[in-house]
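Structure, as structure tokens:
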Amino acid sequence: MVLERNHFEAQVKETTEAVTVFVRGELDLAVAPQFRSVLEPLIPSAKPLVLNLSELTYIDSTGMGIIIFILKARAEGKAGFTLDEVPAKIKKLFDLTGISKFLTVRNSTNLAKADGA
């Protein structure tokens, strides 16, 4: 599934190990409902869910809210949720807002998971 609008795209790729959503462009209020509609069906999956943010250029509070919503929903279902390849400027925003301490991140520098690992 590919979702594209206002310089935004979310592409879902499923493997035997995980479901990865590749996010590209600007994640803001205008595309938030469509982004959420891509992610919500993935919440009940037993496979780990990975958001690859390597090509995310912008995120606003609405986009961060969706990430927090997915984090909480996946935690309630005891299912894995990871962010992969977070760009430095997005990482800085996560740090400034304090949400970075709740996120698990792979392949990104200086953004630790909640337990400080």
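The values are calculated or read from the model by the stated rules, or taken from the named source; none is laboratory data. Please read these numbers as outputs of a predicted model, since none were measured by experiment. Virtual Cβ from ideal backbone geometry, glycine too; neighbours counted across all protein chains shown.
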Quiz item: Any idea how many residues of the stretch 84-104 are closer than 16 Å to Phe22 by Cα, touching a Ser or Thr at 6+ places or on another chain (Cβ under 7 Å) and hydrophobic (A, V, I, L, M, F, W, C)?
Solution: 1
Quiz item: In the stretch 89-117, how many residues are more than 15 Å from the chain's Cα centre (by Cα), of a type in the set (S, T, N, Q) and either modelled with pLDDT of 95 or more or in a helix (DSSP H, G or I) (or both)?
Solution: 1
Quiz prompt | Restricting the stretch 74-88 to residues that are aliphatic (A, V, I, L, M) and under 13 Å from the mean Cα position of the chain (by Cα), the residue that is nearest to Pro33 (Cα to Cα) | solution = Leu83
